[in-house]
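These notes are about the structure you will find just below.
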Amino acid sequence: SAVISQKPSRDICQRGTSLTIQCQVDSQVTMMFWYRQQPGQSLTLIATANQGSEATYESGFVIDKFPISRPNLTFSTLTVSNMSPEDSSIYLCSVEGVRGQETYEQYFGPGTRLTVT
Amino acid sequence: DAKTTQPPSMDCAEGRAANLPCNHSTISGNEYVYWYRQIHSQGPQYIIHGLKNNETNEMASLIITEDRKSSTLILPHATLRDTAVYYCIARGTSYDKVIFGPGTSLSVIP
């Protein structure tokens, strides 16, 4: 398995500002994903982040609003830009393809709870 | 990825088996059935996955029908800590994106 940490664990931000969320994994991984979970809802995939290439965004999510970096095999960041109250959600990082393992399941971080006022 | 259908909620008595159904009638031959759960305020946790044979691990058993159009996740002796939202997902090859539906909210009752 993989141990995933996210920073910050929670934050309260003012509208119009930006927040960068960090995701750190204790092993090298092939794929990293970012999800959003709005209050009372299921998880929605924002984008897939591969090292060395631009992130692939799902319908309804754009790079200007959610820029993503993936500088190496153990780290990624998601920025929520120009925030509005509708961005209040839990943001989750997940990984797949842990080096040295042959099983293929996704592991999830604990999430970052964002409140925009 | 094939769409899955689950009941929105279920109750189970503590110590009894919890049987969570999932329909995936449009599943294709190379799609696996994955189960995850999300305990309140935590990230989802992988439980089990299978292609066409029944699978068992330390957490649960997965029973897939012969036609692969439905499956059942079995928690053999449910505890209060098994109270969570359980997600059934049909997913293709490795590294395919995982698309979550609304899941089943399981309440284990003392």
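Each value in this text was obtained by applying a stated rule to the coordinates, not by laboratory testing. Because the structure is a prediction, the values reported are computed rather than measured. Positions of Cβ are generated from backbone atoms using ideal geometry, with glycine treated the same way; all protein chains shown enter the neighbour counts.
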**Q.** Where no second cysteine Cβ lies under 4.7 Å, the cysteines concerned in chain B
**A.** B:12
**Q.** Principal semi-axes in Å for the protein assembly as shown [√(5λ), Cα gyration tensor, largest first]
**A.** 30, 20, 16
Q. Which residue, B:37, B:91, B:16, has the most motion in a Gaussian network model of chain B that connects Cα atoms within less than 10 Å?
A. B:16
Q) Between residue B:41 and residue A:14, what is the spin-label point distance in nm, taking each point 7 Å from the Cα along the Cα→C-beta axis? A) 2.8
Q) How many Cβ atoms of partner chains, on average, are near each residue of A:106-112 if near means within 10 Å of its Cβ? A) 5
Q) Can you tell me the Rg and the Dmax, both Å, for the Cα atoms in region A:1-58? A) 13.2, 38
Q) What is the ratio of the Cα radius of gyration of chain A to 2.2 N^0.38 Å, where N is its residue count, to two decimals? A) 1.01
Q | lysines whose Cα lies under 26 Å from that of residue A:7, excluding same-chain neighbours fewer than 8 positions away | A | A:65, B:97
**Q.** Per chain A, cysteines lacking a partner by the 4.7 Å Cβ criterion
**A.** A:13
Q | Å³ per residue enclosed by the Cα convex hull of chain B | A | 92
Q) Gaussian network model of chain A, Cα springs within a sub-10 Å range: biggest mean-square fluctuation belongs to which of A:67, A:85, A:39? A) A:39
Q. Measuring from centroid to centroid over Cα atoms, what is the spacing of region A:28-49 and region B:1-64 in Å?
A. 19
Q.
Rounded to the nearest 5, what % of DSSP beta bridges with both residues in chain B are antiparallel?
A. 85
Q | Cα-based equivalent ellipsoid of region B:1-63: semi-axis lengths in Å, sorted from largest, via gyration tensor | A | 21, 14, 13
